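S.K.: Take a look at the following structure, please.
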Amino acid sequence: MPSKRRRAHSPQTVRVLRALAADAASWQYGYQLGEWVGLGSGSLYPILMRLAEHGLLEARWESGPPGRPPRHLYRLTSAGRVEAAGLVEPRPAPRANLQPGPVR
Amino acid sequence: MMGLGPIGVVLFMLVAAVGLQRLVSRPRALGHDAARTLLVVGVRSLPPARADWGRAMLAELDHIEGRWARLGFALGCVRAATARPPLLALAAAATSMALGVLVGVQLAGPDLGAGSRIWQVATVVAFALFACGALVLAMDSGPHRGATRRLGVACGVTVGALFYVHPLLELLHPGGGASGTNPIWRHATR
């Protein structure tokens with residue numbers, strides 16, 4: 001599905017995109033990805049669903065060893081890689097101990 | 001317990017002991033099943049277009065170790081599967097709150113006295129809230145409409161059933177005053 005004009009990604013979505021883009025060729029498990037980016041399943045899966053619906057993420061079923069149920073695997077599509085590459089660096093958080101200096 | 005008689009008491013204790021022993025001897029299995037059962041029920045509310053995501057969540061759960069990790073994962077997935085747009089979430093919240101008030105008034109009715117005006121008003125407001133919430137849910141046309149409409153219809157059926165449960169309660173507790181505090185039921189069962 002072609003990427004339509006979307007609202008800016010949430011910080012959590014940016015984290016997921018960056019994590020997937022860090023090793024874009026590899027397929028990732030959902031639970032593992034959630035632990036990696038520090039998101040619970042309640043936040044992670046809606047993000048994955050949205051990314052997939054926007055054509056930024058592809059999913060496939062693992063052909064695992066017999067006896068164990070196959071798992072779902074995820075990685076970025078080429079459009080997803082472009083999207084991740086175009087993400088602007090997050091603005092650094094303001095430092096608490098930063099005092100306003102004299103105006104020169 | 002006195003009404004059971006000595007044989008009944010022994011039988012009751014025997015059944016309770018066996019049940020307790022099974023619970024204690026298989027705590028992991030109990031936790032394991034709880035997470036899976038929760039998730040199986042939760043993913044049913046996903047729309048058909050997202051059914052594959054439900055299967056993905058269930059498959060992922062099978063690879064997670066630890067009862068609490070599994071339960072946390074299942075709870076999060078249920079939250080993701082049942083998340084609704086703000087209007088529907090508001091309708092669901094209003095409906096469940098109204099149901100709570102209706103049941104609370106029904107249970108507390110005999111203690112509140114038949115002439116308690118505030119509880120009569122609360123019942124009417126809760127009933128109106130319930131009906132509106134159930135209607136909004138039942139008329140959903142979004143991607144989750146299958147499950148949401150079922151929930152709305154179930155809410156409507158529940159409140160309808162309450163009308164018919166009330167006369168039974170009245171029969172069990174004649175003169176208890178429950179109908180006096182519930183004008184809706186009072187009129188419905190007249």
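The values are calculated or read from the model by the stated rules, or taken from the named source; none is laboratory data. Fair warning: this is a prediction, and the values are worked out from it, not measured in the lab. A quick note on method: Cβ atoms are made from the backbone with ideal geometry, for glycine too, and the neighbour counts reach across all protein chains shown. In case anyone asks, the SASA skips ligands and DNA or RNA and just uses the protein heavy atoms, side chains included. Shrake-Rupley method; radii C 1.70, N 1.55, O 1.52, S 1.80 Å.
S.K.: On the basis of being at pLDDT 90 or above, part of a strand (DSSP E or B), more than 10 Å from chain B (Cβ to nearest Cβ) and surrounded by 10 or more Cβ atoms within 10 Å (Cβ to Cβ), does residue A:60 make the cut?
M.R.: Against the criterion (at pLDDT 90 or above, part of a strand (DSSP E or B), more than 10 Å from chain B (Cβ to nearest Cβ) and surrounded by 10 or more Cβ atoms within 10 Å (Cβ to Cβ)), residue A:60 qualifies.
S.K.: Same structure, new question: Please count how many residues of region B:76-87 are within 9 Å of chain A (Cβ to nearest Cβ), among the aliphatic types (A, V, I, L, M) and farther than 14 Å from residue A:31 by Cβ.
M.R.: So the count comes out to 3.
S.K.: Pull up region B:72-118, narrow it to residues that are basic (Lys, Arg) and at pLDDT below 75, then point me to the one that is nearest to the chain's Cα centre (by Cα).
M.R.: Ranking the qualifying residues of region B:72-118, first place goes to B:84.
S.K.: Considering only residues of region A:8-57 that are touching a residue at least 12 places away in the same chain (Cβ under 8 Å), among the aromatic types (Phe, Trp, Tyr) and within 12 Å of chain B (Cβ to nearest Cβ), which is surrounded by the most Cβ atoms within 10 Å (Cβ to Cβ)?
M.R.: Here the residue is A:45.
S.K.: Residues in region B:28-75 that are open to solvent by 40 Å² or more (accessible area, probe 1.4 Å), within 11 Å of another protein chain (Cβ to nearest Cβ) and under 21 Å from residue B:145 (Cβ atoms): how many?
M.R.: Residues flagged as open to solvent by 40 Å² or more (accessible area, probe 1.4 Å), within 11 Å of another protein chain (Cβ to nearest Cβ) and under 21 Å from residue B:145 (Cβ atoms) within region B:28-75 amount to 4.
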